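Q: Let me give you the structure first, and then I'll get to my questions.
The values are calculated or read from the model by the stated rules, or taken from the named source; none is laboratory data. A quick note: this is a predicted structure, and the numbers were derived from the prediction, not measured. For neighbour counting, all protein chains shown are included, and Cβ atoms are generated from backbone atoms with ideal geometry for every residue, glycine included. Please note that ligands, DNA and RNA were not included when accessible areas were found on the heavy atoms of the full protein model with its side chains. Shrake-Rupley method; radii C 1.70, N 1.55, O 1.52, S 1.80 Å.
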Amino acid sequence: MLGLTWLGGLLTRRPGRLVAAAAGVAVAVALLASLGSFLAASKATMTRRSVADVAVDWQVEAQPVAASADVLAGVRGFAGVERALPVEFAATTDLEATVAGSTQTTGPGVVVGLPEGYRQVFGGEVRDLAGAGTGVLLAQQTAANLHAGPGDTVTVGRAGLPPARVRVDGVVDLPQADSLFQKVGAPSGAQPQAPPDNVLLVPAGRWHALFDPLARARPDLVRSQVHARLVRRLPPDPAAAFTTVSGAARNLEARLAGAGLVGDNLGAALAAARSDALYAQILFVFLGLPGAILAELLTAAVAGAGGDRRRREQALLRARGLATGRLVRLALAEATLVGIVGVAAGLTVALAIGRLGFGTASFGATPLAAAGWAGAAALTGLVIAGATVALPARRDARTATVHAARQALGRAGRPGWAHLGLDLWLLAASGVVFWLTSRGGYQLVLAPEGVPTISVNYWAFTGPALLWAGTGLLAWRLADAALAYGRGPLRWATRPLAGGLAGTVAATLSRQRRLLARSLVLVALTLAFAISTAVFNSTYRQQAEVDARLSNGADVTVTEPPGAAVGPQAVTELAGIPGVRAVEPLQHRFAYVGSDLQDLYGVRPATVVDATSLQDAYFAGGTARTLIGRLASEPDGVLVSAETVHDYQLQPGDPLTLRLQDGRTKTYRPVRFRYLGVAKEFPTAPRDSFLVANAGYVATATGSDAVGEFLIDTTAPPQTVAGRIRARLGLQAQVNDITTTRQLVGSSLTAVDLAGLTRLELAFALLLAAAATGLVLALGLAERRHTLTIAGALGARPRQLAAFVWAEAAVVTAGGLAAGIVGGWLLSAMLVKVLTGVFDPPPAALSVPWTYLALTAGVALAAVAVAAGGAVRASQRAVVRSLRELV
């Protein structure tokens, strides 16, 4: 009964304190429930997206000692296999076609035999481009090499047998050629083989008629596979799904007892997604948990703001004979009320956020996962309520005497951590950990080749965590020292407003320095969280765009087929297509560095930097403009990848002889270059080894100005312009747009929907910034009304009373902003460096979202203004009324 009476009194006389504490709990619960459900949904989305484009789940290749029919039966009888069809491969010596009086002959190729219904079962393997979708089909590049199309006749060379003639029914694209022609059973970590340049697809019956004789004479030139589609009932987590699929693949190989090897395309797709799922989890830890900790600190600050009043109330109850145990139970009752209300409000807010922002209350997670995170968030909220409301009250009830409880606050000595210099030790330790984890060879996510389990290097978490904690403690130390020893400057700063009471205002600020320092630290930590979250998310979006542009080369890229002799004059035709702003030709050749065959890109130094948005981060030893400019002043210069520089021990200015293919004789001959610098990345180039040279010098040295790629900047949507270019060029060139490339090359972290994660984190950061500045300040001022009341009773004018309020608000706000900005900048730089694996390529500089940061600062200042204005108005109420409320 006493507990209910006590709670009723609190709700009647102190509703603001209870509501504020419950709001702090609600923020933590809503943040954890929202981010947790979002994380679970993101992992499930990663799994779905990573396997959605896999056309053939398993390619089971029959071994020479096995009968292909037995392998097919074994695969079809394996649990979890939905459909399985046989596919045949045969090597051809060459392909030849005579079109319009001109005969074209290719090198070796592959003829694939597809059974009836194959394209219905494995729809993503073949895409129609021209002609019929059935019968004899030419791959696009092969059609370009032969200048052939539907209706033309192609002669197929067969080793040791007479050539065969087939009539082409259609031209197709093979989007997944890399996996279709993979070397099944290649050792883990082996260099993947490139798909063949020349491919012909024929019906299975026709294939057997053409190549069964070859299989008997040369069995080494043919091979049989079984393509399988699985029943995709997979766990939502990519790592668990990978373990399931890869384990099943090994089980099938064991059952086949050496008769077949499994090419696990589905497992390969999940293998990439599982590391990204861990990165998503890391983002949750790095960017989500600090918000929950801040919510807990906010609740503690709210509860602490009423600590003075609570101690006086406990002193009064103890003087009237209430036992300590009863006082503790009253505190527990208050904590329970705060926890229940906060949990209910937090879960309601999370459901509303999911419904309004993401279309579903569960954020897209399974009901079980969403319920699990809701339960965990609710439990966390109750723990926060107990730790911030019940424990301090219990400590005061058990340790404080009646006399001590009535003493004024603000006179406590320096805490033990300040004497030990804990803040400085934390910052030093953060620097050491950061140096250790960010030096060469560091990996945050460990995913060994061939190992089904991956892990996170949690050691890296300690650097940012120590920096965040050390920044907060250092801000407390500096604020405490400034308020303790800075009465003179404080008196001078407040004199225009406080007049003769300036010394009293300065003394009050100094006396309350512990409470003010605590509020200042909360503001600083909140702003550091908001700044680091915003900068990280903005930098991620920037680098995702850079990655897509680096891979595609430009908004739209036109790639000529091998052997094509399209010169730079084609720029004029492409530039005339509607929506094209500019066209940059790019030579793409191959050159031997010693025995190593590498890609060579010939560029126009005068225009390539601006046309392709080359970034300084792509180069080492100079800016993009400087190094490309040297190719203009030294035409025989060449930029070399870092790997080649290391392998061949090159020094700037060293001569470098490359073997390039002569445009007339088609033979490789030596061409002399000079090494000028390092190119770490280049548009459309591979990640490891490549060369960048002056296109004019390459054309002169090889006798050919043929362009391999045209990089196109657009004024219209890239996909629209790409469609217009395809319509103009037909099948003679490959056209890629940056929108499609962004979806293909982007890490599956894009499945996390970083925009959604950003909205969640930044909204909560904004809310916490407002609460940390406004709410805590308002409650602190409300608890110190007796100072303002006494000053008013002694004759202080309204302007002088306002000086107390605005001085305190200025100290908390200015100090919190300064410490938050410095801490946020340091934390942003550290987060981006620690999470380097998320960025590809790493950013040259942080991307600062000034609009959001200005909004955050504006919201914080507005909250301060509202809180301080309310306190000023309260200080100007009738003195008698205020004295009554303080009884």
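Q: Does segment 462-502 hold any residues that are of a type outside the set (A, V, I, L, M) and open to solvent by less than 30 Å² (accessible area, probe 1.4 Å), and which are they?
A: Step one: of segment 462-502, the residues of a type outside the set (A, V, I, L, M) are 462-464, 468, 470-472, 476-477, 480, 485-489, 491-492, 494-496, 499-500.
Once the filter is applied, which keeps residues that are of a type outside the set (A, V, I, L, M) and open to solvent by less than 30 Å² (accessible area, probe 1.4 Å), segment 462-502 yields GLY463, PRO464, GLY470, THR471, GLY472, ASP480, GLY486, THR494, GLY499.
Q: Would you check if there is a residue in segment 348-362 being touching a Phe, Trp or Tyr at 6+ places or on another chain (Cβ under 7 Å) and over 14 Å from ALA23 (Cα atoms)?
A: yes
Q: So, ALA365, is that one among the aliphatic types (A, V, I, L, M) and either touching a strand residue (DSSP E or B) at 6+ places or on another chain (Cβ under 7 Å) or not in a helix (DSSP H, G or I) (or both) or not?
A: So ALA365 fits the description; yes.
Q: Which is assigned to a strand (DSSP E or B), open to solvent by 30 Å² or more (accessible area, probe 1.4 Å) and acidic (Asp, Glu), of GLU96, GLU116?
A: GLU96
Q: Given the criterion at negative phi, in contact with an Asp or Glu (Cβ under 7 Å, 6 or more places away or on another chain) and assigned to a helix (DSSP H, G or I), identify the matching residue among LEU466, LEU516, LEU527. Give the derivation first.
A: On the way: LEU466 fails: in contact with an Asp or Glu (Cβ under 7 Å, 6 or more places away or on another chain); LEU527 fails: in contact with an Asp or Glu (Cβ under 7 Å, 6 or more places away or on another chain).
Matching residue, one of LEU466, LEU516, LEU527: LEU516.
Q: Looking only at residues that are assigned to a loop (DSSP other than H, G, I, E, B) and in contact with a Gly (Cβ under 7 Å, 6 or more places away or on another chain) in segment 620-649, which one is nearest to VAL698 (Cα to Cα)?
A: PRO635
Q: Can you find, within segment 519-556, the residue that is farthest from ILE725 (Cα to Cα) among those that are of a type in the set (D, E, K, R) and open to solvent by 20 Å² or more (accessible area, probe 1.4 Å)?
A: Among those residues, the one meeting the criterion is ARG541.
Q: Take segment 564-577 and flag every residue that is in contact with a Ser or Thr (Cβ under 9 Å, 6 or more places away or on another chain) and open to solvent by 20 Å² or more (accessible area, probe 1.4 Å).
A: Within segment 564-577, just ALA565 meets the criteria.
Q: I'd like to check something: does segment 843-855 contain any residue that is open to solvent by less than 40 Å² (accessible area, probe 1.4 Å), modelled with pLDDT of 80 or more and of a type in the set (A, V, I, L, M)?
A: Looking for residues that are open to solvent by less than 40 Å² (accessible area, probe 1.4 Å), modelled with pLDDT of 80 or more and of a type in the set (A, V, I, L, M), one finds at least one in segment 843-855, hence yes.
Q: Of all residues in segment 130-152, which are under 40 Å from the mean Cα position of the chain (by Cα) and surrounded by fewer than 20 Cβ atoms within 10 Å (Cβ to Cβ)?
A: ALA130, GLY133
Q: I'm trying to understand the selection: among the residues of segment 228-244, which are in a loop (DSSP other than H, G, I, E, B) and of a type in the set (A, V, I, L, M, F, W, C)?
A: VAL231, LEU234
Q: Something else: Of all residues in segment 322-344 being under 9 Å from ALA26 (Cα atoms) and open to solvent by 40 Å² or more (accessible area, probe 1.4 Å), which is modelled with the highest pLDDT? So that I can check it myself, show each step before the final result.
A: Residues of segment 322-344 that are under 9 Å from ALA26 (Cα atoms), as a first pass: 339, 341-344.
Within this subset, residues satisfying the condition of being open to solvent by 40 Å² or more (accessible area, probe 1.4 Å) are 341, 344.
Working: VAL341: 87, ALA344: 91.
Here the residue is ALA344.
Q: Of all residues in segment 45-92, count the ones that are touching a Pro at 6+ places or on another chain (Cβ under 6 Å) and either crowded, with 21+ Cβ neighbours inside 10 Å or of a type in the set (Ser, Thr, Tyr) (or both).
A: Residues that pass the stated criteria total 3.
Q: Could you grab me the full set of residues in segment 594-619 that are at pLDDT 85 or above, open to solvent by 20 Å² or more (accessible area, probe 1.4 Å) and over 19 Å from THR702 (Cα atoms)?
A: ALA606, THR607
Q: List the residue pairs whose Cβ atoms are under 6 Å apart, where the first residue sits in segment 625-646 and is open to solvent by 10 Å² or more (accessible area, probe 1.4 Å), the second is at pLDDT below 90 and basic (Lys, Arg), and the two are 6 or more positions apart or on different chains.
A: If the second residue must be at pLDDT below 90 and basic (Lys, Arg), the pairs left are ALA642/LYS680.
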